[in-house]
Every structure is written in C-alpha cells, then in structure tokens.
1. Out of curiosity, is ALA109 under 16 Å from ARG158 (Cβ atoms) and among the small types (Gly, Ala, Ser)?
2. Report the residue count in the stretch 85-100 for those that are out of contact with any Pro (no Cβ under 6 Å at 6 or more places or on another chain) and closer than 13 Å to VAL128 by Cα.
3. Name the single residue that is surrounded by the fewest Cβ atoms within 10 Å (Cβ to Cβ) among those in the stretch 131-171 being modelled with pLDDT under 95, within 15 Å of LYS204 (Cα to Cα) and among the hydrophobic types (A, V, I, L, M, F, W, C).
4. Out of all the residues in the stretch 90-116, which are out of contact with any Leu (no Cβ under 9 Å at 6 or more places or on another chain) and among the charged types (D, E, K, R)?
5. Could you count how many residues in the stretch 103-121 are part of a strand (DSSP E or B) and either buried (at least 16 other Cβ atoms within 10 Å of the Cβ) or at pLDDT below 95 (or both)?
6. Quickly run through the stretch 45-82 and pick out the residues that are of a type in the set (Asp, Glu), assigned to a strand (DSSP E or B) and either within 24 Å of HIS139 (Cβ to Cβ) or more than 14 Å from the chain's Cα centre (by Cα) (or both).
7. Out of curiosity, is GLU64 of a type in the set (D, E, K, R), surrounded by 15 or more Cβ atoms within 10 Å (Cβ to Cβ) and modelled with pLDDT of 95 or more?
8. Take the residues in the stretch 67-83 that are in contact (Cβ under 8 Å) with a residue 40 or more places away in the chain and of a type outside the set (Val, Ile, Thr); name whichever of them is surrounded by the fewest Cβ atoms within 10 Å (Cβ to Cβ).
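The values are calculated or read from the model by the stated rules, or taken from the named source; none is laboratory data. Since we're looking at a predicted model, the values are computed, not measured. Every residue, glycine as well, gets a Cβ built from its backbone with ideal geometry; the counts of neighbours run over all protein chains shown.
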Amino acid sequence: MTRWIALSFCLLLPLMVCQANAEPSGSVTGRAYDLDGDGLLYTEEHLYPSQYQHMVTYREASGEVFAKKRLDYSHSFTVPDFRQENARNGEVIEVVRTDSDKLEVTYQANDKQNPKQKRLAIESLMVVDAGFDHFVREHWETLRNGRSLTIAYLAPSRRQTVALRINEVQCSSSSDVCFNIAPDAWLLGLVLEPIFLAYEGDTKRLRRFKGRGNIADKYGDYQTVDIRYEYPIE
C-alpha cells in the first residue's frame, strides 16, 4: 500500500522558483539523503524553459542520469500534464488532460509489464504531481491562519485520487514555515508516515522535504528521503 501512494515534492512538488504568474529564473537542485543525512541517494535538477514548462533530471550519486520528467502547466498550475520515465526499473507515468474536465492516466510499473490506463474526472481541489507546490502557495494565508485543507491528490499507479490533509506545524527555525501532509483517512494514517515540508518564510520557496520519495529503485521500492533544495544566487 505504501508504494502506490508514495509522495514526493518533486512528485508532490517539483519546485517552482517563483510565483505561478512570474517568469522562471535559473535552476533548482535538490539533494536527496538518507534520514541519517550521511548518504547521498540521488539529485534532482529542475529547469524552467518557460513559465509553463518544467523539466526535471534525476541523477544517481555517481552523476549518472537515471530518470527524467517533464511538466506542462498550460492548462493548470495545480493539475499539470506530466510524463516521468525511470530507467532504474522501466517505470513510466503519464498524465494528460483530454478535455476540460477529464484526465487520461497511464502507468507502467516496469519494463516487463504492460501500461495500464484510465480516464478520470477532474475533482474539486484536485492536485497532480508538482501542482502541489502551487496549491500550497495559492492557499498560503489560509494555511498560515490555522486552517487545514484536504486535497484530492492523484496516485498514478492506482489511477485514482487519495485524500491528503495539509496543515501548518511548528518549525525548528523561526525563519521557516512548515507543513505536515498526511492521509485524511485514519486507516491509511496508521501505515503511511507523514511528509514534512519546510518553506522559506519570506520567499515561499521549498527548502526541505522529509518523507517517502517518488523515485523507485531498481526493485520498484520507494525510499524515505531528506531532500535539501538549493536555489540560484540572485
């Protein structure tokens, strides 16, 4: 069960360097470590060719590219089209808007299985992949005022959504703003660890992510990671 709703914020959130209506500037690097903070597991390189385009390259600790993702926010910043290919095990994920209220979700678990496909209706407060970051910033003041919000987050491997609850939590740094993301259903909450996000309070940029990642290893398993993000010097 933990595998199909594994979340990452460059799954849950490939980061946007700036606000949704602004021009992208530069690139972002995420370094994913194990929870002890000693072992580098992989890196994420985020590039923004245009306001609506977002490219992510994943590299092993050795520097070898093992996965790529491209996102298109032309239709929506919270429900983008995207395609992710993982050469570690042959996993492929693709989500495409087919009309104004429908998504076509395709999932291939590995290079030995056939793709599975399903068409889904776009739900209220639905979020797809990196659209989560835009959702957080669009609802920043609501979340900062003590309210929790529940979204319908797409789990591509099951071709369905899962309800996730977002709320602000205390940070260790006074300059950060932190959020907790957990399943809204208590039963899933018993088996799935929450995700912790730390944003820079002044820029609203994601600084740190701790939780189950979105990139599978060669066995198809997802690791729990501590990702630290680095932004270009302005």
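1. Yes: the conditions hold for ALA109.
2. Residues meeting the conditions: 4.
3. CYS171
4. Across the stretch 90-116, the qualifying residues are GLU91, GLU94, ASP99, ASP101, ASP111, LYS112, LYS116.
5. Initial filter on the stretch 103-121 (part of a strand (DSSP E or B)): 103-108, 116-121.
Now drop any that are not either buried (at least 16 other Cβ atoms within 10 Å of the Cβ) or at pLDDT below 95 (or both), which leaves 103-108, 120.
Matching residues across the stretch 103-121 total 7.
6. Of the stretch 45-82, the ones of a type in the set (Asp, Glu) are 45, 60, 64, 72, 81.
Checking which are assigned to a strand (DSSP E or B) leaves us with 45, 60, 72, 81.
Residues satisfying the conditions are GLU60, ASP72, ASP81.
7. Numbers: of a type in the set (D, E, K, R): yes; surrounded by 15 or more Cβ atoms within 10 Å (Cβ to Cβ): no; modelled with pLDDT of 95 or more: yes.
Against the criterion (of a type in the set (D, E, K, R), surrounded by 15 or more Cβ atoms within 10 Å (Cβ to Cβ) and modelled with pLDDT of 95 or more), GLU64 does not qualify.
8. In this case the residue turns out to be SER76.
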